[in-house]
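Novice: One structure, as structure tokens, below. Some questions next.
The values are calculated or read from the model by the stated rules, or taken from the named source; none is laboratory data. Fair warning: this is a prediction, and the values are worked out from it, not measured in the lab. Quick reminder, even Gly has a Cβ in these numbers, built from the backbone with ideal geometry, and neighbours come from all protein chains shown.
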Ligand SMILES: CC(C)(COP(=O)(O)OP(=O)(O)OC[C@H]1O[C@@H](n2cnc3c(N)ncnc32)[C@H](O)[C@@H]1OP(=O)(O)O)[C@@H](O)C(=O)NCCC(=O)NCCS
């Protein structure tokens, strides 16, 4: 019998590690599968199909670190972290539909927070206003809408104007109290 104080396998969460260039194909597959959700709330003219291709993944890898979440089924989710000054951007958070709502995104978010440079004062994440799944997971993990959301998006995100206007920035203060 397993002693009650030991975590059950369901409590352990996914294993998270940095993704390498040789994993880009699997990573892009996860992104484009999970991004199918955008069809539920974006007008057709705002859909980008595919959401990301392999060259786009490589370009992002030059400016940020890709993190993958692995279960027994292999790569099930991913995200990216990009330090800019004393801010870290939490970018491209995607979990395969059949693995959603089991804490994978939450584990990725915590990993980005835990691996942020010691000088980090704030984590910033942007998402579509209509993306209630992403907004829910961010709020569940302590993120709040930025007071000046549009300025935050303009300062940190290089995204098309249509996306920017339909998006919202979330922020979470991290680091020692009083910073
Ligand atoms: C947003 C996303 C990454 C969340 O991943 P996840 O692994 O399911 O998230 P977690 O299991 O860690 O957290 C679950 C929380 O997220 C929110 N959420 C996730 N799926 C949801 C759904 N179908 N309906 C409502 N809220 C949902 C809720 O707040 C939920 O908490 P609850 O189960 O207590 O209600 C995932 O839905 C996804 O990949 N979506 C498609 C791509 C996307 O929108 N990415 C965000 C880009 S910024």
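Novice: If I filter region 51-59 for residues that are touching a residue at least 24 places away in the same chain (Cβ under 8 Å), in contact with a strand residue (DSSP E or B) (Cβ under 9 Å, 6 or more places away or on another chain) and not in a loop (DSSP other than H, G, I, E, B), do I get at least one hit?
Specialist: There is at least one residue in region 51-59 that is touching a residue at least 24 places away in the same chain (Cβ under 8 Å), in contact with a strand residue (DSSP E or B) (Cβ under 9 Å, 6 or more places away or on another chain) and not in a loop (DSSP other than H, G, I, E, B).
Novice: Kindly indicate whether residue 97 is within 13 Å of the ligand (Cβ to nearest atom), surrounded by fewer than 20 Cβ atoms within 10 Å (Cβ to Cβ) and at pLDDT 95 or above.
Specialist: So residue 97 passes the test.
Novice: Within region 138-168, track down each residue that is crowded, with 16+ Cβ neighbours inside 10 Å and farther than 19 Å from residue 82 by Cα.
Specialist: 166
Novice: Moving on to the next point. Filter region 138-149 down to the residues that are within 10 Å of the ligand (Cβ to nearest atom) and either under 8 Å from residue 170 (Cβ atoms) or not in a loop (DSSP other than H, G, I, E, B) (or both) and list them by number.
Specialist: 138, 139, 140
Novice: Could you check region 76-94 and list, in sequence order, the residues that are more than 11 Å from the ligand (Cβ to nearest atom) and either within 20 Å of residue 33 (Cα to Cα) or not in a strand (DSSP E or B) (or both)?
Specialist: Result: 85, 86.
Novice: Another one. Looking at region 105-116, I want the residues that are within 18 Å of residue 31 (Cβ to Cβ) and have a partner that is within 12 Å of the ligand (Cβ to nearest atom) and in a helix (DSSP H, G or I) with Cβ atoms under 7 Å, at least 6 apart or on another chain. Which pairs are those?
Specialist: That search, which allows pairs on different chains as well, returns 105/137.
Novice: For region 30-47, which residues satisfy the criterion of being within 16 Å of residue 93 (Cβ to Cβ) and exposed (fewer than 14 other Cβ atoms within 10 Å of the Cβ)?
Specialist: The answer is 36, and nothing else.
Novice: When the residues of region 100-118 are narrowed to those that are closer than 22 Å to residue 69 by Cβ and more than 10 Å from the ligand (Cβ to nearest atom), which ends up surrounded by the most Cβ atoms within 10 Å (Cβ to Cβ)?
Specialist: Filtering region 100-118 for residues that are closer than 22 Å to residue 69 by Cβ and more than 10 Å from the ligand (Cβ to nearest atom), the one surrounded by the most Cβ atoms within 10 Å (Cβ to Cβ) comes out as 112.
Novice: Follow-up question, since we're still on this one. May I ask you to list the residues in region 67-99 that are farther than 25 Å from residue 166 by Cα and in contact with a strand residue (DSSP E or B) (Cβ under 6 Å, 6 or more places away or on another chain)?
Specialist: Residues satisfying the conditions are 67, 68, 69, 70, 75, 76, 99.
Novice: Across region 119-137, what is the number of residues that are within 11 Å of the ligand (Cβ to nearest atom) and under 19 Å from residue 83 (Cβ atoms)?
Specialist: Looking only at that region, the number is 2.
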